[in-house]
Amino acid sequence: MATTSTSVARPDVSSHQSQGSSAWGSRTRLYLLVGVLVLGSATLAGLPMWVLAVTTLLAWTARLTPRFGAGAALAIAYIAGASLDFVVLALAPVQPLRFQHLVLGLHLVLLLAAVLRARPDAPAARFHVNRPGVILGSALGSIAWFVGLGIAALVPGGSARSWAVLDDSTVDLYNTGRFAWNNGVETFPATNPRPFEHALTLTFVSPTQPIDDSGAEFVAELDAHIAHWAIVVAVCAFLAGWVAASLLPRHSPRWGAPVAGAIASTLVLAGPATGFFLLRGQINATITVAILLGSFAVALRSRVLPTTAVATLILAMTVLMLTWTPFAAVPGLLAAVSAWTWRTQIRATLRESGWQIAVSLAAFATAALLYAASTFTSLAQKDSTALESSVTVATTLPAPFSYSMTVAVVLAVAVIAVIVRPEVRACRAVGATLLGLAVGAVPIFAARGGFGGDLEYYPSRYVQMSTVALVPLLVGLVLSALLTRRRAAVATAAVAAVGVGALAITAPLDSRVERWIPAPALLVVGDYYGPDEYVYDRIADYVQYDDLVVPWYADIPWDQPVRFMMANATRSDDRGHENGGENWVLRIRMDDLPDRICWLGEASNRQVTIVTRAPDLPSAALAECYDPSQLDGVRFVLAED
């Protein structure tokens, strides 16, 4: 019996699927475009700028994550985005548009570029730290930070905002105000040689805020400073976790990388680390540590797109040159090592992507000429005594450091990296980082004449920030060694962990430095940075008056940070560190003695209002004045509960 075979023609569904996918992609891009336009319109209507800034940062991080990994993607997005922000603010003074509108336009363009591409970048290779568990573990510190902020805003006496107004934060507000009046970053004669953090704060000022030298403008700049710093703390914590997790070998147990990420991301929030940065108002310390960790993350993934990685590292070097110059050696050496390691791939792609390195080098050269050259020239003209005095600035509270702990961390990182060798490029990146920190330390300690004696302001800060940046590397390398189960590696890692831990616990600390409570908890406690009602709220209230309003014996010890900030919240005709009047009197001493009220009344050219809970303060101040007329322009008001 013959068998007849018949074939039934199947419909060609591939073209329909392609058309459906294309239609879906077009609709998705349309929805995204509408969403971006709505977000831009909302920002123009008063939505805080940080919403657009965070959305742009996360959009580019998501775009780059499949190829680079979440940490390196966040680092590239943050470093490149911040660099573009600075470029816009540097160009803003020479054109007629307000700087807020330029920043808004830049962020909208960047967001559109991130979300409207045809398809996401395909993964270059499977990357074990892109697992959701690893990303979540690395984000633990960032989550804890935002939870702390949220709880502090809800509980009575919390420091949801006062944490960002202390000590050196006054300098940030001073320079942010100058840049706002200049419609961008100042250059040449009026320049600040390290303007980066102040410029980035300015990008968070809403387009709806007039630059009119009013109290409202000052509060808007203060809120921009708070938003900027809060975001950088979260970025820094995530990068710390991701760097630690990325140092674990691919064959490690699945729980290894998440645990490493969780430990490192929370350690960076410790009291002697981020907790101290906040206490001293050192936003540039948070930025510096974040850029150092981000540079390491980019170097780890440099093989994916070497040209992009090297260009990003050059930008990181530029950013640190404009923030904390000695640390620029770290991304500089990482860029050199990455360029040499992947020189063949870079040469092969120079025509297509070599412009990235060229642009980064041009940015570095321009920034060095416009902002850093004057500092370098001035230092070169000083003799050894003058150089020493430049470095050995006295301080009432040096950064917490321990030579023994720092040396132990450096040795542990170096030795374990050699023993474990998780990857060749990781070992090279570790070596370049250690060498870069050593190079950066040379001019500081050479100028002060060595390592002996109590460290002053700048040397103590350099040692502290270097140690904080190395701790995530140590966490990742120790866990890598422990998980190898090789006796030598396990023994070395155990000794390093116990030794460094013991030194951290026993290191001498000033009583004002919190050893055990991390920064998020300190926000909730409130009595470390100051309750908002006694610090931030008073600043925001007092700057609205034409009078100079300051507290004195109102709520000690929180009167002093309010007075310190008010020194830089005076009107433009009085404002400036060069002014010998209000600013000097309010900043010269940290005590609450009433004799300064006499000085203040004499120095100020406007009405001075003293808010106090001490009914006898007027008579006490009068007794300290050499002439009763010093108090002619001073009135005393009893504080209300």
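The values are calculated or read from the model by the stated rules, or taken from the named source; none is laboratory data. Being a predicted model, the structure only gives us computed values, none of them experimental. With ideal geometry, Cβ positions are generated from the backbone for all residues, glycine too; neighbour counts draw on all protein chains shown. Quick note on the areas: whole protein, heavy atoms, side chains included, nothing else; ligands and nucleic acids left out. Shrake-Rupley method; radii C 1.70, N 1.55, O 1.52, S 1.80 Å.
Things to note:
- Heavy-atom surface of the chain, accessible at 1.4 Å and reported per residue (Å²): 43
- Length gained when the stretch I517-I151 is fully extended (0.36 nm per residue, less Cα-Cα span): 130.2 nm
- Computed lengthening from L397 to D527, 0.36 nm per intervening residue step minus Cα-Cα distance: 45.0 nm
- Signed unit charges on C-beta, dipole axis of the chain, positive-most listed residue Q464, A90, A260: A260
- Stretching I505 away from R343 to a fully extended chain increases their span by 53.9 nm, per 0.36 nm per residue minus the current alpha-carbon distance.
- Surrounding net charge for G184, when Lys and Arg each add one and Asp and Glu each subtract one, Cβ distance under 13 Å: 0
- When restricted to Cα atoms, the stretch 196-337 yields an Rg and a Dmax of 17.4, 59 Å, respectively.
- Whole-percent carbon and sulfur share, accessible surface of the chain, 1.4 Å: 65
- Residues whose placed amide H lies under 5 Å from that of V549, excluding near-sequence neighbours: T609
- Peptides ranked, highest mean first, by Cβ atoms within 10 Å: ranges 497-510, 327-340, 99-112: 327-340, 99-112, 497-510
- Under the Karplus curve 6.51 cos²θ - 1.76 cosθ + 1.60, θ = phi - 60°, whole-Hz ³J(HN,Hα) for the stretch 322-327, x wherever Gly or Pro sits: 8, 10, 9, 3, x, 6
- As a size descriptor, the averaged projected area of the C-alpha convex hull of the stretch 260-326 was calculated at 5.2 nm².
- Size of electric dipole in the chain: Cβ of Lys, Arg +1 and of Asp, Glu -1, about Cα centre, debye, nearest 20: 4620
- By the helix-only formula, in which each DSSP H run with n ≥ 4 contributes -39500 (n - 2.57) and the sum is divided by residues, the chain has a 222 nm mean residue ellipticity of -20500 deg cm²/dmol.
- Selection from Q607, Q100, A489, by position along the positive dipole direction of the chain (Cβ): A489
- Dipole of the stretch 133-258 computed with +1 at Lys/Arg Cβ and -1 at Asp/Glu Cβ about the Cα centre; of V219, I143, W181, farthest Cα towards the positive end is I143.
- For the chain, cysteines whose Cβ has no other cysteine Cβ within reach (under 4.7 Å): C236, C427
- With coordinates expressed along the principal axes, the C-alpha atoms belonging to the chain extend over 127, 58, 51 Å, beginning with the largest.
- Two-site label geometry, V418 and A488: point separation in nm, points 7 Å out along Cα→Cβ: 1.1
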